[in-house]
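For reference, the structure is listed below as structure tokens.
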Amino acid sequence: MPFLDRLQHWAALRPDANAVTIGAERLSYAELVDRASVRARELAGESSGGPTVLCRPNGLAFIVDFVAAVARTGTVAVLDPGWPALQRSAVERMLQGAGPSTPPAAAPADLRDGPSDSIFLYGFTSGTTALPKAFTRSRDSWQRAFATSAAWFELGADDRVLAPGPLSASLTLYALAETLSAGAAFHTLERVDVGDALDAVAHAGVTRIVAVPTVLRLLGERGLTSGVDAHALTGIVSAGARLDGATLASVRNWAPGATVFDYYGAAELSFVSARRLRPGEHRTGSPTAVGRPFPGVEVRVLDDAGRASAPGTTGTIFVRSRLVSAGYAWGDDGSAFARTGEWCTVGDRGHLDVAGELHVEGRLADMIVTSGSNVYPQEVEVTLLSGLGGAAAQVVVTGLADARRGTLLVAAVVEESGPDAPAVTRADLRTAAADLAAPKRPRGYYRITELPLTGAGKLSRRLLAAWITEGDPRVHRLD
């Protein structure tokens with residue numbers, strides 16, 4: 001594992017320091033090393049070839065198994081426990097014999113990192129029906145990332161980091177490893193629960209939060225209304241989706257002393273670009289902006305012919321860095337992750353402006369084809385939200401199957417809460433959509449009582465489409 005040598009270092013230097021806390025359970029650095037060493041020997045006896053498969057909810061057992069399974073040259077495949085049984089079984093069959101098994105039994109002193117160029121992790125793209133693609137990561141890709149990200153996000157050994165998402169999600173799993181590498185204390189929850197997260201902030205001395213924007217929005221709003229003291233927070237890290245202005249304002253109001261970091265990246269690419277705002281600083285510029293290239297990362301935008309796009313001109317975003325994944329173990333059809341020499345892409349579309357800041361306009365996988373036109377839902381969402389002028393908390397755009405157009409473009413709005421918040425009407429949305437080209441204007445509008453989120457707290461346009469199609473009570477058509 002890319003942090004086991006560092007884990008041993010901290011266990012020797014600060015054996016009683018808190019390493020991980022989940023709910024009421026905790027392990028010190030010395031206890032984590034001891035338990036993982038024992039578990040590594042057990043896994044060696046259980047191994048039947050291929051990576052160790054880890055598919056369980058958040059808990060100390062997850063962390064101990066994760067550390068143990070990747071000692072030396074071991075590999076681990078982290079599956080989402082929320083997957084349907086058939087999907088999980090199909091992935092497990094693909095993993096049999098896919099890579100090196102857990103290494104032979106080792107003494108506690110041998111709970112150490114393997115060769116830097118060796119594979120240690122099988123991660124997975126999200127999906128609910130199709131077999132997820134499995135991407136692989138070398139130890140070197142995370143070792144290099146730790147060295148840069150800890151410095152850029154100002155993570156130190158005295159920090160207490162709360163990452164309230166599922167450990168099966170790349171964002172939370174990386175936060176765990178990064179925190180342990182830095183010698184800090186890692187906190188998470190048995191399940192994503194805003195109340196429990198706020199309790200940790202109030203009573204566990206949490207100094208940093210790492211979460212997706214939807215979770216941060218809930219924490220900021222509920223923390224402020226509940227009077228949860230957030231003055232101990234020095235850092236808030238947002239990732240997994242664009243940090244919108246409303247969410248930024250919410251967390252800044254709740255935790256005015258925290259530096260807010262947000263970064264753009266992908267599980268296959270790692271960090272691509274990032275920004276940070278010190279207390280009192282205000283973000284300006286386009287809502288599509290996602291910051292400048294991350295340290296050690298080169299970014300370029302190419303047109304469909306493979307030529308460099310001029311500043312401000314939309315094309316496909318390519319990345320060159322030592323942080324990217326090793327590629328796919330299976331399912332590589334070139335539509336999600338592609339490599340051209342040293343340059344890699346996940347199909348995101350965007351542009352670089354004249355100042356060198358990256359703008360992301362949409363992902364190829366999210367593109368909706370309606371009446372022969374290509375529409376990126378993110379562009380429509382940003383335009384509608386801006387046009388509503390604060391009347392909506394969030395807008396979500398998705399596509400519905402349609403015999404005439406192939407896909408019918410629709411939009412759903414979550415209204416701002418509060419007695420003085422205005423109700424959003426269909427006329428309001430149509431007026432906001434007037435700034436869009438005709439093919440990008442939604443053909444149907446809905447009000448939803450909550451956001452359609454995955455188990456990791458990420459926005460799911462696919463789930464919204466299912467809600468609408470199935471007549472879910474959380475959806476109301478605007479006439």
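The angle between the Cα long axis of helix 245-254 and the main principal axis of the chain comes to about 60°, on a 0 to 90 degree scale. Considering only alpha-carbon pairs that sit under 8 angstrom and 6 or more positions apart, the relative contact order computed for segment 367-477 is 25 percent. The magnitude of the dipole of the chain, with charges of +1 and -1 set on the Cβ of Lys/Arg and Asp/Glu and taken from the Cα centre, is near 680 debye. Ranked by how many other Cβ atoms sit within 10 Å of their own Cβ, fewest first, the residues MET367, MET94 fall in the order MET367, MET94. The amide H of THR259, built 1.01 Å from its N in the peptide plane, has GLY235, ILE236 as neighbours under 5 Å, considering only residues 5 or more places off or on other chains. The three principal axes of the Cα atoms in segment 298-431 give end-to-end lengths of 55, 41, 28 Å, sorted in falling order.
Once you reduce segment 316-377 and segment 437-476 to the center of their Cα atoms, the two points are 24 Å from each other. Taking the C-alpha atoms only, the angle from helix 4-13 to the longest principal axis of the chain is near 70 degrees.
How do VAL212, VAL194 line up, fewest other C-beta atoms within 10 Å first?
Least crowded to most crowded, the residues run VAL194, VAL212.
Exposed loop positions in the chain were taken to be GluC sites (Glu not before Pro) whose DSSP state is not H, G, I, E or B and which have at most 11 other beta-carbon atoms within 10 angstrom. Between these positions, the longest stretch is 1-280.
So if we plug the beta-carbon distance of SER373 and ASP117 into 1/(1 + (r/R0)^6) with R0 = 45 Å, what FRET efficiency do we get, rounded to 0.05?
Approximately 0.50, to the nearest 0.05.
Measuring how big segment 1-192 is from its alpha-carbon positions, Rg and Dmax come out at 15.7, 47 Å.
The amide H of ALA326, built 1.01 Å from its N in the peptide plane, has THR136, ARG137, SER138 as neighbours under 5 Å, considering only residues 5 or more places off or on other chains.
Distance distribution P(r), segment 305-345, all Cα-Cα pairs, bin width 10 angstrom from 0: 24, 49, 24, 3 percent.
Judged by the gyration tensor of its Cα atoms, with axes a ≥ b ≥ c, segment 47-95 is oblate; a/c meets the 1.5 cut and b/c is at least as large as a/b. Among SER309, SER181, the ranking by other beta carbons within 10 Å of each residue's beta carbon, starting with the fewest, stands as SER309, SER181. Evaluated at q = 0.07, 0.08 Å⁻¹, a Debye calculation over the C-alpha positions of the chain (equal weights, vacuum) places log10 I(q)/I(0) at -0.37, -0.49.
Axis of helix 29-46 versus longest Cα principal axis of the chain: the two differ by about 80°, to the nearest ten degrees. Couplings 3J(HN,Hα) for segment 194-203, derived from phi with the Karplus relation 6.51 cos²θ - 1.76 cosθ + 1.60 (θ = phi - 60°), are 4, x, 5, 5, 5, 5, 5, 4, 6, 10 Hz, where x marks Gly and Pro.
The value given for segment 367-477 is a Kirkwood hydrodynamic radius of 14.1 Å, derived from the mean inverse Cα-Cα separation.
Each value in this text was obtained by applying a stated rule to the coordinates, not by laboratory testing. These figures come from a predicted structure and were not determined experimentally. Cβ sites come from the backbone with ideal geometry, for glycine too, and all protein chains shown count toward neighbours.
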